[in-house]
Amino acid sequence: MDNDAVFYTDRSGRITSNPLLDQLPSYQSLLYRRKSSVSGTKRRSSSRGRTGSSSSGKWGMSSFTRPLDKPKSQIEQQDIRELAKPMAEKRRDKTQRLEEARELSSWRQWRQSSHRYLKRLRDDAQEWMSSMKLWRGDIHLIEGMFGTGILSYFSFLRFLVVLNLIIFLIKFSFVMLPIIIAPYASGNITYNLNDAGVCTVYPSSSRLGLVIFHEHITDLLSGGGFLEQTYLFYGYYKADKIHFPNITYNLALAYLLSTIAYLFLSLIWIVKRSARGFKRNLVQDEDRFQSFCNKIFAGWDFCITNVNAARLKRSSLLYELKTDLEEERIKQKIADRTRKEKCRIYFLRLILNLFVIGVLAGCFYSIYIATIFSQEAQMTKIKVNFIVDLIYEYLPSIVITVANFITPLLFSIIINYEDYSPAFEIRFTLMRCVFMRLTSIGVLLFSLWSQITKCEEEPCICGYNHVLYSCWETRVGQEMYKLTIFDFITIVAVTIFVEFPRKLIVKNCDCGLAKWWGQQEFAIPQNVLEIVYGQTICWIGTFYCPMLPAICTIKYFFIFYIKKVSLINNCRPATRPFRASSSNFFFLVVLLIGLALACLPVTVSVAQINCSHACGPFVNYNTTWEVLPATVSQLPSGAQKLLFALSSEAFAVSFFVVTCLAMFYVIALAGAHKRVINQLREQLAMEGRDKRFLIQKLCQAQSLSTSRSPVSRPQPRSGSRSSPSYHTSFSSNFNEGVFLAHSPPDSSTHV
């Protein structure tokens with residue numbers, strides 16, 4: 001017997017060898033790796049024998065032996081519906097389980113019944129929660145008509161609606177609600193009334209006498225007038241402490257901690273969704289052939305009974321296949337480029353990126369000049385007329401909106417000449433638009449703060465320009481409020497006055513210009529940047545305008561239906577489809593960038609810029625952050641020592657070291673899992689080759705037996721199992737080998 005012969009277990013349990021299995025591709029691959037390895041490793045592997053080598057490697061004896069049966073207890077723990085068995089066997093298993101359950105003690109029976117009841121209750125609760133999701137039916141309709149790429153945009157919009165609602169609940173519960181219920185709960189509000197001085201003067205913004213109607217409209221759009229002294233803005237919350245019968249509520253501390261809470265909650269939620277999308281992206285983009293197989297052979301949902309649902313599912317699968325094929329075509333085109341074509345493309349990209357940088361610099365300078373001019377015009381208090389005054393109020397918002405409207409169109413034209421793949425095209429366009437939109441907010445805030453901290457006589461007496469900005473936090477909140485309102489007005493106006501007329505012109509006009517213009521596509525980058533831009537404004541403005549999350553929740557709620565109606569009636573499916581897995585993950589990454597940018601100005605205003613001494617809950621402090629050390633100093637000595645220890649450098653260094661060790665462990669564990677996954681993937685591929693090899697041998701044996709049989713012998717029908725000669729000449733070497741080659745590998749070989 002050959003030393004390299006493959007040993008396998010036959011049906012009687014005896015270990016024998018089969019020369020046919022020595023020719024399997026998996027075994028030949030194993031021999032090749034052994035011969036190419038170091039001689040010492042080869043001798044060590046040979047001394048262990050075939051059984052030892054196969055248990056520690058891949059495609060050894062365990063691939064051709066019947067795996068050990070699972071313990072009976074493990075099978076019983078699995079739900080009968082999840083077992084891969086015929087219905088008759090499932091019924092027998094259920095009957096057997098019922099009989100075995102009668103023999104158990106009453107305690108074990110109660111535990112099993114309770115476990116089944118709780119599991120059923122959990123499944124019902126999950127199904128009910130899934131059915132209660134916001135816009136569930138609308139999103140399924142969009143997925144079937146336009147694919148998963150556009151679906152990811154509407155799912156992203158739904159996530160922001162829920163996020164803003166929770167942010168508003170945090171602000172409402174800890175800041176607004178105590179002030180509202182204080183008169184009804186026998187509470188006593190202590191207001192911030194420090195010594196009179198030039199810094200504490202806060203001129204009233206309410207108008208006296210008869211007010212013209214259009215002035216109310218101006219106040220509603222700008223946040224001034226009657227809205228300035230409401231719950232909407234920072235300046236209204238003048239309370240220092242609220243004394244209830246049994247507790248004293250520190251409103252200033254609650255205001256600061258609620259700000260930290262909503263930013264931290266947003267960070268955790270976005271990171272969690274990003275991690276889930278990243279894992280899904282890795283699974284779906286790991287192997288394109290596997291993705292094709294999953295969609296073609298396992299993508300259909302056989303529980304669908306409705307005709308419309310089946311049509312939507314079919315169009316969704318078709319759209320995903322188009323996306324896969326388009327990406328493969330682009331990859332092949334990139335791989336076939338010559339060196340001359342690569343040099344030409346890289347030079348063209350360099351020139352276009354320099355042009356993009358120039359456009360961005362011009363936009364930022366325009367925003368800075370418009371902000372300075374608008375602030376100076378508002379401080380003069382000279383009223384020209386309704387339209388001019390409104391333009392002065394909204395001049396920074398108008399310039400930012402025009403820049404945000406023009407630059408994405410310019411970027412979408414430029415990106416066509418840079419010849420990127422569809423997935424990278426949407427990401428790169430998003431990054432450019434992100435930089436434009438989010439940096440424009442930073443330029444606006446920088447322009448405002450340059451005016452707030454600039455005094456005629458340096459240094460400023462109050463730490464800020466109290467003459468022009470007696471309550472500068474409210475002024476910043478008004479700018480964020482105006483940006484939010486104007487952004488919503490722009491979206492509605494573009495939909496009504498641009499998208500619908502374009503659809504009517506293209507549909508009813510046969511001229512060449514209308515055909516060249518064509519029916520519009522749903523531009524994913526521009527639409528995603530609209531809501532990321534609005535959400536960044538919401539994060540920044542919530543500190544200065546606590547009611548802004550509620551406004552953004554209502555805004556995004558209406559935007560969903562506006563975009564849905566426009567998509568269905570005005571847009572056509574994209575000619576270059578996008579994948580939902582990568583797009584959805586990248587949307588969250590862009591949103592995370594917006595959150596990081598929002599934290600920067602809020603942190604600067606909390607820690608660096610002096611608080612307004614005429615309004616707000618932090619009148620008694622120089623900066624907003626001072627309320628935290630002042631509160632800690634009033635705690636017991638034990639709590640102070642604990643907090644000081646947690647904020648010390650020793651704890652920070654220790655925490656950093658432990659975090660690094662945990663990160664290294666997770667990275668090592670992920671690498672080990674990745675190696676196991678690669679081994680399993682290679683083993684699956686090799687088992688497929690083995691099956692193909694055995695089928696070829698089977699066909700050769702059938703052909704040989706047919707050629708040796710007499711001519712007068714009747715040929716078997718197509719529905720018969722096999723020819724008699726197959727059983728006589730081939731079954732002794734092949735039958736059990738085929739049966740055992742198809743057995744799943746033992747789990748011990750994958751460790």
Tally Lys/Arg at +1 and Asp/Glu at -1 over every other residue whose Cβ is under 12 Å from the Cβ of Ser397; what's the total? -2
Going through Lys85/Lys691; Lys238/Lys482; Lys563/Lys674; Lys333/Lys691 one by one, the pairs whose alpha carbons sit over 32 Å apart turn out to be Lys563/Lys674; Lys333/Lys691
Given Leu118, Ala84, Ser106, which one lies farthest toward the positive end of the charge dipole of segment 82-131, if we put +1 on the Cβ of every Lys and Arg and -1 on the Cβ of every Asp and Glu? Ser106
In 10 Å bins starting at zero, report the fraction of Cα pairs in segment 404-526 per bin as a rounded %. 10, 26, 26, 18, 12, 6, 1
Counting pairs of Cα atoms in segment 82-131, how many percent are more than 11 Å apart? 74 percent
Cross-link table Lys322/Lys503; Lys272/Lys313; Lys295/Lys503, entries beyond 32 Å C-alpha to C-alpha: Lys295/Lys503
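Under unit Cβ charges (Lys, Arg +1; Asp, Glu -1), what dipole magnitude, rounded to 20 debye, does segment 478-535 have relative to its Cα centre?
So the magnitude is around 220 debye.
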With +1 on each Lys and Arg Cβ and -1 on each Asp and Glu Cβ, and nothing else charged, work out how big the dipole of segment 82-131 is about its Cα centre, in Debye to the nearest 20. 120 debye
Under the rule rounded for a/c under 1.5, else prolate if a/b exceeds b/c, else oblate, using alpha carbon gyration tensor axes a ≥ b ≥ c, segment 553-695 is classed as oblate
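Values in this text are rule-based calculations from the coordinates and carry no lab data. Here the structure is a predicted model, which is why all the values come from computation and not from measurement. Neighbour counts are summed over all protein chains in view; Cβ atoms, including those assigned to glycine, are modelled from backbone coordinates with ideal geometry.
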